[in-house]
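J.: Following this message is one structure expressed as structure tokens.
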Amino acid sequence: MSSRTSASLLALGLCAFLAACSSEKTEDAPDASLPPLVLPDGGCVPRALCPDEFECGEMDDGCGGKLSCGTCGGIRECSEHVCSECVPVTTCESEGRVCGKLTDECGDTVDCGGCDTGERCSDSGDACEPCTPLECGSLPAEVCGEMDDGCGGTISCGCQANYRCEDSACELCPDYGCADFGAECGAVDEGCSREPLFCGECTEDGQSCVNNKCVFCTPGTAQERCALAGAQCGTVSDGCGGTVDCGLCGAPDSCVNGACICVPVTCEEQGVTCGEAYDGCGHFIQCGPACADAESAVIRLVTGNITSGNHQSYDEGHGLRIFRGLKPQIALVQEFNFGSCSARDLRQMVIQGFGERFFHVVQSRSDVVTIPNGIVSYYPIKSWGILKDITLDERDHVWARIDIPGKADLWAVSIHFSTKSEKRQKSIADLVERLDELGIPKGDFVAVGGDFNTTSRTQDKGLAFLDNTGLIVLDTDDDCPIDQSGNDNTNGSRQKDYDAIYTSQNLKDLQTPVVISGAQNLTERGLVFDSRVFTPLSAVSPVKKNDSGASNVQHMAVVKDYAIPR
């Protein structure tokens with residue numbers, strides 16, 4: 001047999017084998033135990049996987065070799081490809097551990113708990129020791145890179161301008177030129193803490209800059225290249241070494257290999273065993289029999305007028321990091337500006353600050369409407385609309401009817417009232433009438449949140465009117481949200497109680513303490529989030545310490561949690 005014939009038969013055999021691997025399971029050939037494939041020329045493709053029931057040991061791969069099926073952890077023994085049962089004797093108590101992790105006789109990891117803020121687990125795990133995490137400012141200027149903070153976390157420290165980090169040390173950047181990189185055009189990142197090196201543009205007709213070289217190539221348009229690749233989203237090659245943008249997916253889809261898809265979250269993955277749960281893809285699924293009264297879905301509401309920079313927008317990223325770290329299911333957002341405020345840019349803002357599964361609605365920006373309100377929701381938005389503010393031009397209120405777990409819907413309203421008391425009173429009175437016209441069903445929940453611009457929640461006449469209608473219930477000075485140090489003020493200087501979430505009585509009755517894993521001193525009152533005082537910041541990653549104190553940050557975010565019966 002010629003080598004060409006042998007190679008062809010080998011290729012045909014491999015194609016048949018791969019086709020068999022990708023086919024649906026049948027009783028004759030289950031996926032996990034496909035037999036070895038003997039090729040016409042005498043070659044052999046070995047078995048790739050052990051049968052599902054094989055937990056350990058080795059087996060013949062069908063081609064003269066051995067296939068490993070795994071090992072048993074700890075003192076478990078392998079008998080006829082099955083791991084023996086093991087009852088662990090080692091416990092945290094038996095080893096005298098109060099924190100950290102250990103491995104028991106069965107090879108399993110046992111979690112002995114964590115330590116409070118400002119403490120670390122001792123090397124032996126028998127005590128929590130006082131600990132002050134390192135900060136970049138306390139290190140020598142020449143130290144850089146990612147390192148242990150000494151308290152179980154990590155910190156990442158950069159270098160000053162014109163220096164670069166090499167082997168955890170800052171060194172002065174060489175005086176690079178374009179020739180050092182063989183660059184004819186475009187921008188080159190020198191690997192230094194300074195602006196990229198610009199190497200000019202291509203000057204001849206028909207040339208494009210590809211990988212910093214001038215080549216004769218005409219890049220394809222996004223429409224052409226995306227259609228050619230069959231891509232609905234993401235980026236694809238422009239045919240000349242660059243890329244074109246095929247767009248973003250709408251909620252709740254994610255972009256996977258150029259396709260917009262949504263993978264449902266199962267009951268098991270959510271740890272839900274009764275009632276209904278939301279699958280993350282726009283549907284509610286039944287997870288078991290009706291839940292007991294104590295079973296609930298905790299929903300976090302956050303309101304935030306937390307733009308920064310010079311344009312009352314989220315472009316700088318400080319506010320988006322705060323939203324991302326707080327992980328709300330529903331956010332009432334003020335000054336909803338990002339990029340050009342195009343549909344694509346606003347979708348990018350939601351993805352960056354919340355995630356791809358989140359829906360959003362927002363008042364359209366215009367020459368007049370410059371700081372619109374909006375609502376972002378993990379749960380499906382059934383309907384929404386604008387409630388005109390009769391005293392203001394630059395923004396109106398936005399409402400949304402949201403399908404949350406349980407029998408009732410949540411009617412959320414994102415507001416931003418005037419700083420003038422007289423205007424605020426008129427706006428609130430008119431808002432009450434407009435909400436009444438929506439015909440909110442009895443038994444549904446109502447949440448009104450945002451920037452009330454009040455200097456006293458208990459004495460403001462407009463809020464008093466809103467409270468007297470029975471639509472929502474105001475917080476008092478004794479039950480309003482506070483930060484970990486007890487401060488309830490929410491403006492940038494922490495002197496005024498501008499921002500709040502007020503709800504209908506039936507929702508207020510379901511308020512539950514805010515829980516953020518690793519954080520202490522959080523109460524049922526809710527949280528005023530200030531990154532400069534919140535600890536530990538690792539619990540709200542990717543928030544940075546000065547995000548709440550960045551230039552021109554408007555206000556602090558306000559957080560409340562509610563336990564909704566399933």
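Here, each number is a calculation from the coordinates, and none is a lab measurement. It should be emphasised that the depicted structure is a prediction, and the values quoted were computed from it without experimental measurement. Reconstructed Cβ throughout: ideal geometry from the backbone, glycine too, with neighbour counts over all protein chains shown.
J.: Kindly provide the GluC sites (Glu not before Pro) of region 109-147 that DSSP labels as loop, not H, G, I, E or B, and whose Cβ sees at most 15 other Cβ atoms within 10 Å.
T.: Glu135, Glu142
J.: Find the all-direction average of the projected area of the Cα convex hull for region 345-473, expressing the result in square nanometres with one decimal place.
T.: That works out to 8.5 nm², a quarter of the Cα hull's surface.
J.: Now for a different question. Which whole-number percentage describes the relative contact order of region 96-191, with Cα contacts under 8 Å and a sequence gap of 6 or more? List each step's numbers first, then the result.
T.: On the way: 137 pairs, mean separation 15.7, N = 96.
With pairs under 8 Å counted, the relative contact order is 16 percent.
J.: What list of ³J(HN,Hα) values in whole Hz, one per residue of region 210-225 in order, does the Karplus curve 6.51 cos²θ - 1.76 cosθ + 1.60 (θ = phi - 60°) give from phi, with Gly and Pro shown as x?
T.: 10, 6, 6, 10, 7, 10, 8, 7, 10, x, x, 6, 4, 4, 5, 6
J.: Compute the distance in nm between two label points, each set 7 Å from the Cα along the Cα-to-Cβ direction, one at Ser493 and one at Lys327.
T.: 3.6
J.: How much FRET efficiency would the formula 1/(1 + (r/R0)^6) give for Ala343 and Val143, where r is the Cβ-Cβ distance and R0 is 60 Å, rounded to 0.05?
T.: Computed FRET efficiency for Ala343 and Val143 comes out at 0.85.
J.: Dividing the alpha-carbon radius of gyration of region 277-373 by 2.2 N^0.38 Å (N being the number of residues), what value is obtained?
T.: 1.29
J.: Among residues other than Asp149 whose Cβ falls under 14 Å from its Cβ, what is the net charge (Lys/Arg +1, Asp/Glu -1)?
T.: It works out to a net charge of -2.
J.: Work out the length of the dipole vector of region 292-565 about its Cα centre, built from +1 on the beta-carbon of each Lys and Arg and -1 on the beta-carbon of each Asp and Glu, and round it to the nearest 20 debye.
T.: On the way: 29 positive and 36 negative charges, 122 e Å.
Dipole magnitude for region 292-565 comes out near 580 debye.
J.: A further question on this structure: Write down the percent of antiparallel bridges among all DSSP beta bridges whose residues are both part of the chain, to the nearest 5.
T.: Close to 85 percent.
J.: Here is a further query. List, in order, the whole-Hz ³J(HN,Hα) value for each residue of region 544-554 obtained from phi through the Karplus relation with A = 6.51, B = -1.76, C = 1.60 and θ = phi - 60°; use x for Gly and Pro.
T.: With coefficients 6.51, -1.76 and 1.60, one gets 9, 4, 9, 4, 7, x, 5, 4, 6, 4, 6 Hz.
J.: From the residues Ile564, Asn506, Phe452, which one has its Cα farthest along the dipole of region 417-566 in the positive direction, the dipole being from +1 and -1 charges on Cβ of Lys/Arg and Asp/Glu about the Cα centre?
T.: Comparing the listed Cα positions along the dipole, Phe452 ranks first.
J.: Taking amide H positions as placed 1.01 Å from N in the peptide plane, with prolines and chain starts having none, which residues 5 or more places from Ala297, or on another chain, fall under 5 Å of its amide H?
T.: When sequence neighbours closer than 5 places are left aside, the close amide H contacts are Ile564, Arg566.
J.: Once Rh for region 465-542 is found with the Kirkwood sum over Cα pairs, what is the Stokes-Einstein diffusion coefficient at 37 °C and 0.692 mPa s, in µm²/s? Don't skip to the end; give the middle numbers.
T.: On the way: Rh = 13.7 Å.
The estimated diffusion coefficient comes to 240 µm²/s.
J.: From a point 7 Å beyond the Cα of Phe465 in the direction of its Cβ, which residues of region 379-398 have a backbone N at a distance under 14 Å?
T.: 389-392
J.: In angstroms, what radius of gyration and Dmax does region 337-394 have, counting Cα atoms only?
T.: Calculated on Cα positions, Rg and Dmax stand at 12.2, 35 Å.
J.: Please list, ordered by chain and number, the residues whose modelled amide H lies under 5 Å from the amide H of Ser208; skip anything fewer than 5 residues away on the same chain.
T.: Val215, Phe216, Cys217
J.: Can you give me the Cα centroid spacing of region 440-473 and region 197-214 in angstrom?
T.: Taking the Cα centre of each part, region 440-473 and region 197-214 sit 60 Å apart.
J.: Between Ser421 and Asp444, what is the label-to-label distance in nm when each label sits 7 Å out along the Cα-to-Cβ direction?
T.: Once both label points are built, they end up 3.5 nm from each other.
J.: Using amide H atoms built 1.01 Å from N in the peptide plane, name the residues 5+ places from Val446, or on other chains, whose amide H lies under 5 Å from its own.
T.: Trp411, Ser504, Leu507
J.: What is the magnitude of the charge dipole of region 119-221 about its Cα centre, with +1 placed on the Cβ of each Lys and Arg, -1 on the Cβ of each Asp and Glu, and no other charges, expressed in debye to the nearest 20?
T.: Numbers: 4 positive and 21 negative charges, 66 e Å.
Taking the Cα centre of region 119-221 as origin, the dipole is about 320 debye.
J.: How big is the Rg/Rh ratio for region 292-565, C-alpha atoms only, Rh by Kirkwood, two decimals?
T.: 0.93
J.: If I model a spin label as a point 7 Å beyond the Cα along the Cα-Cβ vector, how far apart are those points for Asn257 and Leu49 in nm?
T.: Result: 1.6 nm between the two label points.
J.: With θ set to phi - 60°, apply the Karplus curve 6.51 cos²θ - 1.76 cosθ + 1.60 along region 518-530 and write out the HN-Hα couplings as whole Hz, x wherever there is a Gly or Pro.
T.: Coupling constants for region 518-530: x, 9, 10, 6, 9, 10, 5, 5, x, 10, 8, 8, 10 Hz.
J.: Report the one residue of Ser383, Ile402, Leu326 whose Cα lies farthest in the direction of the positive end of the charge dipole of region 292-565 (charges on C-beta: Lys and Arg +1, Asp and Glu -1; origin at the Cα centre).
T.: Leu326
J.: Find the relative contact order for region 292-565 and round it to a whole percent, using C-alpha pairs within less than 8 Å whose residues are 6+ positions apart.
T.: This gives 23 percent for region 292-565.
J.: Starting from the Kirkwood radius over alpha-carbon pairs of region 225-291, derive D by Stokes-Einstein at 4 °C in a medium of 1.567 mPa s and give it in µm² s⁻¹. All intermediate terms of the calculation are to be shown ahead of the outcome.
T.: On the way: Rh = 14.0 Å.
My calculation gives 92 µm²/s for D.
J.: For the chain, what is the calculated [θ] at 222 nm in deg cm²/dmol (nearest 500), taking -39500 (n - 2.57) for each run of four or more DSSP H residues and dividing by its residue count?
T.: Mean residue ellipticity at 222 nm (helix-derived): -4000 deg cm²/dmol.
J.: Exposure proxy check: Tyr378, Tyr314 ranked by fewest other beta carbons within 10 Å?
T.: Ordered from fewest to most neighbouring Cβ atoms within 10 Å, Tyr378, Tyr314 come out as Tyr378, Tyr314.
J.: Let me ask something else. For the chain, calculate the relative contact order in percent as a whole number, restricting contacts to Cα pairs under 8 Å that are 6 or more residues apart.
T.: Normalised by residue count, the contact order of the chain is 9 percent.
J.: Let me test this: with uniform point scatterers at the alpha carbons of region 421-566, what is the Debye-based log₁₀ I(q)/I(0) at q = 0.09, 0.19, 0.21 1/Å?
T.: Calculated log10 I(q)/I(0) at the listed q: -0.31, -1.18, -1.33.
J.: Taking the Cα centre as origin and putting +1 on Lys and Arg beta-carbons and -1 on Asp and Glu beta-carbons, what dipole magnitude results for the chain, to the nearest 20 debye?
T.: Here the size comes out at about 2000 debye.
J.: Relative to 2.2 N^0.38 Å, what does the C-alpha radius of gyration of the chain come to as a ratio? Two decimals please.
T.: Values: Rg = 29.9 Å, N = 566, 2.2 N^0.38 = 24.5 Å.
Normalised Rg, Cα atoms only: 1.22.
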